[in-house]
Structure formats: structure tokens, C-alpha cells
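The values are calculated or read from the model by the stated rules, or taken from the named source; none is laboratory data. Predicted model only: the values in this text are computed from it and were never measured. Backbone-built Cβ (ideal geometry, glycine too); neighbour counts: all protein chains shown.
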Amino acid sequence: MKKEALMWDKRANEVIRCYLCPNYCVLKPNEMGKCGARKNIGGTLFSLVYGGLSAATPDPIEKKPLFHFWPGSWAYSISSAGCTLSCLNCQNYDISQIDAERMQLREFTAEEIVEAAKKSNCKSIAYTYNEPITFYEFILDCGKLAHDEGLLNVLVTNGYITLKALEPLASVLDAANVDIKAITDKFYKEICGVPKVKPILDATKYMKENGVFIECTNLIIPGYNDSPDEIRELSDWVLKELGPDTPLHFSRFYPMFQLSNVPPTPVETVIKARKIAMDLGLHYVYCGNIRGIEGENTYCPNCGNKTIGRIGFSIDKWNIKEKNQCSKCGHSINIIGEFHPS
């Protein structure tokens with residue numbers, strides 16, 4: 001599982017600097033990066049998680065969540081250990097907020113992952129659950145091989161990566177869901193342990209501009225990022241920088257990890273956030289972690305026809321004709337790929 005890492009440079013006295021993410025960790029020998037997955041060993045930076053996985057399983061693509069990328073298909077989902085952030089509300093803290101040396105990870109080769117994805121009839125491989133940037137080198141190798149074998153690559157990420165590291169990664173990615181946790185530096189400082197939101201916004205724009213299909217998620221936490229003004233500012237950024245057809249998912253928070261004392265997000269707060277975003281001009285806005293409401297469905301932005309009906313991660317209505325057009329008015333719906341009924 002140990003392999004020499006990419007994206008670092010040497011300093012004096014066997015000190016190295018990692019530039020995979022904007023933490024820019026400067027490490028003396030035997031020191032580990034903030035992510036818990038990279039370590040200076042004898043003046044060389046090593047990944048401790050190359051091929052070391054905490055999960056490898058098929059998932060509905062809608063679980064990522066990606067609602068407009070090969071709807072109804074399955075993604076072979078893999079994860080490892082560590083994270084570039086230290087969010088107080090992390091729902092996967094048992095694999096993200098622990099360093100790799102304390103984890104029991106299963107070893108895989110890129111060839112084994114691609115073969116498992118094919119055998120599971122998956123359309124794509126999703127790098128997910130913990131922050132996948134921590135197993136950057138393995139994504140690059142899996143991603144290239146996946147493309148050679150006709151599979152797609154999906155990144156579920158917090159977006160905290162340098163543009164220099166993102167450049168080669170974006171070339172193997174087909175889609176990404178970026179978790180924009182808030183639009184303010186204050187939130188990222190207090191909740192995520194990093195100083196600024198700008199690197200996340202810059203990375204998201206870079207992927208969009210370089211051909212990666214983007215959907216965004218915002219988890220609304222009561223008292224932290226739930227004000228209408230913040231929701232409006234975030235939605236306006238998505239509208240202006242990524243475009244009105246970019247899907248945006250507002251998710252309901254449940255008490256978790258070090259924010260276990262915070263109550264669940266009121267359902268009406270999530271519904272109101274969706275309305276704010278749609279009133280601004282975003283065409284595809286969703287409510288996550290809430291079942292049985294209209295915010296799960298896709299509606300034609302031209303005529304209001306329910307084009308895709310969902311229950312959880314399952315599609316129960318498909319009112320889209322050839323070339324991804326609304327069955328009622330013929331308006332083009334922003335969908336990549338074909339519907340894969342289960």
C-alpha cells in the first residue's frame with residue numbers, strides 16, 4: 001500500500017513540502033501530512049494508501065449524489081482513509097478522521113478494481129466516502145485503466161485540491177460532485193479546519209472548464225450555514241460561475257460526530273433553500289436526506305413537466321424522450337448519458 005507520492009518537492013535536511021492540497025504540509029522525516037495518508041520517509045513523500053481500501057462496492061449513481069449523469073446506472077464505489085479537511089460534522093469520520101497507519105485496509109490493484117466494476121455491471125468507478133484526494137495516485141492509475149476498458153470515473157470530493165494537482169486528475173474524470181460546505185471563510189475555519197473557501201471554488205470552476213460534468217452539494221447545518229443570505233450567495237455563485245443547468249443539492253443535516261448536539265435541519269429550511277436557488281435562476285435544485293417530497297424530482301425548466309421521478313436513489317418515472325428532451329415540450333434536459341433502468 002506504500003508508494004512514492006506525486007505532487008511534492010524537496011527542501012533542505014530531508015524536509016519535504018506536499019502540494020497535493022492547499023494545506024501545503026511541510027514535513028520533517030517521519031512526519032505525516034494533515035490528511036493522514038502521506039508521510040515523509042527518509043526525505044521522500046510516500047502515499048500510505050495506494051491500493052489500500054476501506055470499501056469497494058456497487059452503488060446507485062444517484063447516491064453520490066449525481067442525478068444528471070447516466071441516471072439509473074451503478075457506480076463501483078471505492079474509499080480509503082484520511083481527509084484534507086477536519087470537519088466537525090463528518091458522517092464518515094471513522095475512515096476520514098483517522099490516519100492510515102491506524103486503519104486495516106484491504107489491498108487491491110487498479111486492475112482488480114476495474115475488473116470488479118465490469119463484473120458488477122457498473123458504468124463507472126466512483127472515488128468516494130472518505131476524501132478521495134488522499135488516494136490520488138491510485139485514482140490516476142484506476143482512472144486511466146477504467147477509460148481504456150470503457151468505464152467512466154466519478155469523484156465525490158470536498159474540492160480541497162491545488163490546481164497543479166487537479167490538472168492531471170481532471171483529464172481522467174468524467175463527473176464530480178463537489179461538496180461546497182458553505183460560501184464563507186468563517187464556516188471553513190470553524191467547522192472544516194482550513195482558512196478559506198476559495199480553493200474549493202477555484203477547483204470546482206477548473207473542473208467545469210475542463211470538461212468534467214459537475215453537480216454540487218451543500219449540507220445545511222442549523223445555526224452555521226443556514227441563513228437565507230448565505231444560501232442566496234452560494235446559489236448565485238453556482239449560477240454565475242457554473243451555469244443555470246448545474247444541479248445543486250441541498251441536504252438535510254443530522255447530528256453527527258462533534259456536532260452531535262446540533263438538531264437536525266428543519267425540513268422547511270431545505271425546501272426554502274431550494275426555492276431561493278430556483279428563484280435566482282438555477283434549473284435543477286434538489287433536497288437531499290428527505291424522502292417523499294418534490295425536491296427529489298427533476299422538472300423541465302421550460303414547462304414544469306416532471307421529467308424524472310425519484311424515490312430515494314431509485315427512479316420511478318422517466319418522462320424524457322430521445323436526445324434527453326422533455327416528453328411534453330421537447331426542451332433539452334441537461335443529462336449526460338442514457339437512462340439505465342434497474
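General remarks:
- Conditions (1) part of a helix (DSSP H, G or I); (2) surrounded by fewer than 18 Cβ atoms within 10 Å (Cβ to Cβ); number of the one not met by GLY211: (1)
- Evaluating ASP99 against the criteria (1) at pLDDT 95 or above; (2) more than 23 Å from PRO60 (Cα to Cα) leaves one unmet condition, (1).
- Single residue of region 160-174 satisfying the filter (among the hydrophobic types (A, V, I, L, M, F, W, C) and outside any helix (DSSP H, G or I)) that is nearest to GLU149 (Cα to Cα): VAL172
- Of the residues making up region 242-259, those that are in contact with a Leu (Cβ under 7 Å, 6 or more places away or on another chain), outside any loop (DSSP other than H, G, I, E, B), on the phi < 0 side of the Ramachandran plot and not polar (S, T, N, Q) are LEU248, LEU259.
- Single residue of region 91-116 satisfying the filter (of a type in the set (D, E, K, R) and without any contact (Cβ under 8 Å) to a residue 40 or more places away in the chain) that is nearest to VAL262 (Cα to Cα): ASP94
- Top-ranked residue in region 123-140 [being buried (at least 24 other Cβ atoms within 10 Å of the Cβ) and in a loop (DSSP other than H, G, I, E, B); ranked as farthest from the chain's Cα centre (by Cα)]: ASN130
- Counted as qualifying within region 1-111 are the strands (runs of 3 or more DSSP E) with 2 or more residues that are polar (S, T, N, Q), namely 44-47, 74-79.
- Among the residues listed as ASP245, ASP226, ASP202, the single one being of a type outside the set (A, V, I, L, M, F, W, C) and within 15 Å of LEU282 (Cβ to Cβ): ASP245
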